[in-house]
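A short worksheet on the structure shown next.
The values are calculated or read from the model by the stated rules, or taken from the named source; none is laboratory data. Predicted model only: the values in this text are computed from it and were never measured. All Cβ positions, glycine included, derive from the backbone under ideal geometry; neighbour counts span all protein chains shown. Ligands, DNA and RNA are excluded from the accessible area calculation, which covers all protein heavy atoms including side chains. Shrake-Rupley method; radii C 1.70, N 1.55, O 1.52, S 1.80 Å.
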Amino acid sequence: MTSALTTYLDRLTTALSTATAAEPPDPDAVLPDRGITGDVDTQGDIPDLSFLSGAQEDHLGVAICDIDGEITGAGSAHEFPMQSISKAFAYGAAIDLHGMDYVDTIVDEEPSGEEFNALSLDPVTKKPKNPLVNIGAIRTHAMLGTTKAERTQRLRAVLDAAAGRPLEPHRETWQEELKSADRNLALAYMLRAAGSMTEDATEVVGGYIEGCAVLTSVTDLAVMAATLASGGTNPLTGEVVFSRVAARQVLSVMLTCGMYDNAGDWVSDVGLPAKSGVGGGIIAALPSRFGVASYAPQLDLHGNSVRGTLFFERLSTDFALHMLDGVEPRDLEECAQELMEVGTHP
């Protein structure tokens, strides 16, 4: 028997996909208002890099994994590079390796209000503003070990444990990003020039880029988000991936910094800790309840998925998920069933 939540997700992904449907709707037809706004066909472009891993205009996938390990999803199962979503997990790994107090002396936790690849360090402390912009993520990656091999192994182990299965980088994406890594190398050398990093810039950037190229499906990302939502324990395997301190800190920084220079709008409209990647993925988590992920490769000017953002806005509204609503979160299945019955579903 199909669950109400599955039906809801199926209908919402269909509603969000209509702008790329092969057959346009009858211009004389009166379509019901499903609350879906935004012309997906014109708002957002697929970056050239995403085509290397097979991104297509009609790709759209969503998944929810609760902290008991139950997964509900709809849409595309296409695998794509996680890109900047890996930054959040590298940050958690650094915290558990070195302790929160030490990590806080190296990388700050403040929103930057700048583009994700800005050439920016605090003029006084010489620290990156946060670990989710590129310069902060590069410095965080350098903390994962004393050698390139050690750093790579630690990050890959954390990503695998959070997803509950072995993950592999997409080699073509990885190699292409290495060819065009000048700006990230500039950020690494900026850290070295400021005395904020002593590790070899080329090796650190190479390992950081490899982590960004790791392939995931939207289901993998939902499980990874649920791992954070559960306080650091993978709900499928029971493996403790992060300490509760690390998981809480990662979610805290995701809430304020995870959507780059659109973080303020995201908190207002969605109200969940989240992290996006230019591969088209977004993860979000409702602590102690579930993790959610979306995938759609068209990006807006902030580098966030257009249809992924629309999905989360509608999901948050329909299920009253905003953390600041002052409303007790409801059971997703029961709420979805009610939405079906009253006809306010997508």
> What is the residue count in the range 216-245 for residues that are of a type outside the set (S, T, N, Q) and crowded, with 24+ Cβ neighbours inside 10 Å?
Replying inline: 12
>> Out of everything in the range 19-47 that is among the β-branched types (Val, Ile, Thr) and either surrounded by fewer than 15 Cβ atoms within 10 Å (Cβ to Cβ) or under 27 Å from Glu334 (Cβ atoms) (or both), what residue ends up being modelled with the lowest pLDDT?
In response: Val30
>> Given (1) assigned to a strand (DSSP E or B); (2) among the polar types (S, T, N, Q); (3) surrounded by fewer than 16 Cβ atoms within 10 Å (Cβ to Cβ), identify the lone condition not met by Thr125.
In response: (1)
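Looking at Ala157, Ala163, Ala181, which one is within 30 Å of Asn234 (Cα to Cα) and surrounded by 16 or more Cβ atoms within 10 Å (Cβ to Cβ)?
Only one candidate qualifies: Ala163.
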>> It is to be established whether one or more residues within the range 128-146 are surrounded by fewer than 18 Cβ atoms within 10 Å (Cβ to Cβ), at pLDDT 95 or above and either in a loop (DSSP other than H, G, I, E, B) or of a type in the set (Gly, Ala, Ser) (or both).
In response: yes
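Residue-wise test of (1) of a type in the set (D, E, K, R); (2) within 16 Å of the chain's Cα centre (by Cα); (3) within 21 Å of Ser294 (Cβ to Cβ); (4) surrounded by fewer than 23 Cβ atoms within 10 Å (Cβ to Cβ).
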site: Leu49; (1), (2), (3), (4): no, no, yes, yes
site: Lys87; (1), (2), (3), (4): yes, yes, yes, no
site: Met100; (1), (2), (3), (4): no, no, no, yes
site: Ile106; (1), (2), (3), (4): no, no, no, yes
> Has the range 205-214 got any residue that is closer than 22 Å to Gly99 by Cβ and out of contact with any Lys or Arg (no Cβ under 8 Å at 6 or more places or on another chain)?
Replying inline: yes
> Restricting the first residue to the range 100-117 and requiring it to be over 19 Å from Gly277 (Cβ atoms) and assigned to a helix (DSSP H, G or I), which pairs with a second residue that is hydrophobic (A, V, I, L, M, F, W, C) and open to solvent by less than 40 Å² (accessible area, probe 1.4 Å) meet a Cβ separation below 6 Å and a spacing of at least six or different chains?
Replying inline: Val103/Ala94; Val103/Ile95
> Is there a residue in the range 261-271 that is buried (at least 22 other Cβ atoms within 10 Å of the Cβ) and hydroxyl-bearing (Ser, Thr, Tyr)?
Replying inline: no
>> Restricting to the range 248-260, name every residue that is of a type in the set (Gly, Ala, Ser) and surrounded by fewer than 20 Cβ atoms within 10 Å (Cβ to Cβ).
In response: Ser252
> Name the residues in the range 186-207 that are farther than 15 Å from Pro128 by Cα and open to solvent by less than 20 Å² (accessible area, probe 1.4 Å), would you?
Replying inline: Ala201, Val204, Val205, Gly206, Gly207
> Among the residues of the range 256-277, which ones are closer than 21 Å to Val223 by Cβ and either modelled with pLDDT of 95 or more or among the hydroxyl-bearing types (Ser, Thr, Tyr) (or both)?
Replying inline: Val270, Leu272, Pro273, Ala274, Lys275, Ser276, Gly277
>> Return the residues of the range 297-338 that are open to solvent by less than 20 Å² (accessible area, probe 1.4 Å) and over 27 Å from Gly277 (Cα atoms); say none if nothing qualifies.
In response: Cys335, Ala336
